[in-house]
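Here's the structure we're looking at; comments come further down.
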Amino acid sequence: MTEFNLQIQENSDRLSTPLEDALPSLLPLKSTIHCVNTKGDRLDRYLSQELPDLSRSRIQQLIEQGNVQLNDQVCTSKKINVKVGDRITLEIPEVQPLELLAEDIPLDILYEDDQLLILNKPAGLVVHPAPGHPDGTLVNALLAHCPNLPGIGGVQRPGIVHRLDKDTTGAIAIAKTDVAHHHLQAQLKAKTARREYLGVVYGAPKVESGSIDLPIGRHPQDRKKMAIIPVEQGGRAAVTHWQVLERLGNFTLIHFQLETGRTHQIRVHSSKMGHPIVGDRVYGSGHSVGVNLPGQALHAWRLKLLHPISGELIEVTATPPAHFTKLLEMLKRRTTL
């Protein structure tokens, strides 16, 4: 079990080895951090500031699971305020054995080296195991392609840094080492990684571009769906930038850029603006448009990120699938008739 000890002391410097250097090694360590804290921060907020390699949601999960002690007592309240002189112990459970089978599923590889892998995901491929999809997922395919992947990023999602919906196609990055996993997650959190999508929507927006800044959370009635939910009710900040690329009669090809990465973000935001993604059976009508679509006409077109070791800018473009191209060609023909 990896253990961190935090001793909050007034007017003292941080003496230990920086945690961001120690975490990727996954070696058992005990790190004491001396710092100034007179603000009375909440426990989860304080830990997220002191442990930048752990997301706040991960820290909250560790607190709820009883892996945090405050002054040698287990503390399961993320809202408790810490004060000068408090001692905090955070334990990260060891990675559990992976009980998933490697499956020989073809992969469309766009980029690969010893640190990361970028794929062009096809429609119909679930990224990681979930209820109803215990196997045949991208994770199963990755285990066959990268035998050393188990354990990276968690038990059920080894190497997965971000995700794409089952029927959304396109570029997705996979971390092959813990260093790469932490680095890519940090890029997504800092919004330095750039994710661009192509989508065909119903209708014609009145303006050429815009931004949608509306929080997204779990739908209060249908737990399989997401919805626009106020932050005070549990929604999380979500920002999508969009620009019209081509007007096709009563349809529009739009370029989307994500500033955040919430579940179903583009689909929810597009529907909210009155222009749902064509073929989206959850947030749109899903009505046939004359092309046999496997799902929503949404494609992760371009991915830009910094290499976790060299710092080099990596830019990968994923060719849209045949059904997406066929849809565009058909709509163009309709427009010219």
| query | Which residues, taken from region 161-192, are in a loop (DSSP other than H, G, I, E, B) and touching a Lys or Arg at 6+ places or on another chain (Cβ under 7 Å)? | reply | Leu164
| query | Which one is most open to solvent (accessible area, probe 1.4 Å), of the residues in region 50-68 that are within 20 Å of the chain's Cα centre (by Cα) and more than 19 Å from Val161 (Cβ to Cβ)? | reply | Gln60
| task | Could you list all residues from region 131-160 that are small (Gly, Ala, Ser) and part of a helix (DSSP H, G or I)? | result | Ala141, Ala144
| Counting only residues that are modelled with pLDDT under 95, in contact with a strand residue (DSSP E or B) (Cβ under 8 Å, 6 or more places away or on another chain) and surrounded by fewer than 15 Cβ atoms within 10 Å (Cβ to Cβ), how many does region 93-132 have? | 1
| field | The listed residue being β-branched (Val, Ile, Thr) and within 22 Å of Leu107 (Cα to Cα), out of Ile212, Ile216, Ile152, Ile228 | value | Ile152
| request: Give me a count of the residues in region 205-222 that are surrounded by fewer than 11 Cβ atoms within 10 Å (Cβ to Cβ) and either within 17 Å of Gly274 (Cα to Cα) or among the basic types (Lys, Arg) (or both). | output: 3
| request: For Thr317, indicate whether it is open to solvent by 10 Å² or more (accessible area, probe 1.4 Å) and of a type in the set (Ser, Thr, Tyr). | output: yes
| request: Collect the residues in region 193-243 that are among the basic types (Lys, Arg), in a strand (DSSP E or B) and more than 19 Å from Gln296 (Cα to Cα), keeping them in residue-number order. | output: Arg194, Arg218, Arg236
| task | State whether the residues of region 184-198 include one that is without any contact (Cβ under 8 Å) to a residue 24 or more places away in the chain, open to solvent by 50 Å² or more (accessible area, probe 1.4 Å) and not acidic (Asp, Glu). | result | yes
| message | I need the full set of residues from region 181-211 which are of a type in the set (A, V, I, L, M, F, W, C), within 26 Å of Ala123 (Cα to Cα) and modelled with pLDDT under 95, in order please. | response | Leu184, Leu188, Ala193
| Residues of region 55-108 that turn out to be of a type in the set (A, V, I, L, M), without any contact (Cβ under 8 Å) to a residue 60 or more places away in the chain and under 23 Å from Gly40 (Cβ atoms), as a count | 7
| said: Kindly evaluate Val201 against the criterion of being in contact (Cβ under 8 Å) with a residue 40 or more places away in the chain and of a type in the set (A, V, I, L, M). | reply: yes
| request: Would you please name the residue that is modelled with the highest pLDDT, looking only at residues in region 223-273 that are surrounded by fewer than 16 Cβ atoms within 10 Å (Cβ to Cβ) and at positive phi? | output: Gly249
| task | Please specify each residue of region 320-337 satisfying the condition of being at pLDDT 95 or above, open to solvent by 70 Å² or more (accessible area, probe 1.4 Å) and among the aliphatic types (A, V, I, L, M). | result | Ala322
| request: Hey, can you tell me all the residues within region 274-306 that are open to solvent by less than 30 Å² (accessible area, probe 1.4 Å), within 18 Å of Leu327 (Cβ to Cβ) and in a strand (DSSP E or B)? | output: Ile277, Leu298, His299, Ala300
| task | Of the numbered conditions (1) of a type outside the set (S, T, N, Q); (2) modelled with pLDDT under 80; (3) surrounded by 14 or more Cβ atoms within 10 Å (Cβ to Cβ), Glu10 fails exactly one; give the number of that condition. | result | (3)
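The values are calculated or read from the model by the stated rules, or taken from the named source; none is laboratory data. Bear in mind that the values here come from a model prediction, so they are computed numbers and not experimental data. For neighbour counting, all protein chains shown are included, and Cβ atoms are generated from backbone atoms with ideal geometry for every residue, glycine included. For accessibility, only protein heavy atoms count, side chains too; no ligands or nucleic acids. Shrake-Rupley method; radii C 1.70, N 1.55, O 1.52, S 1.80 Å.
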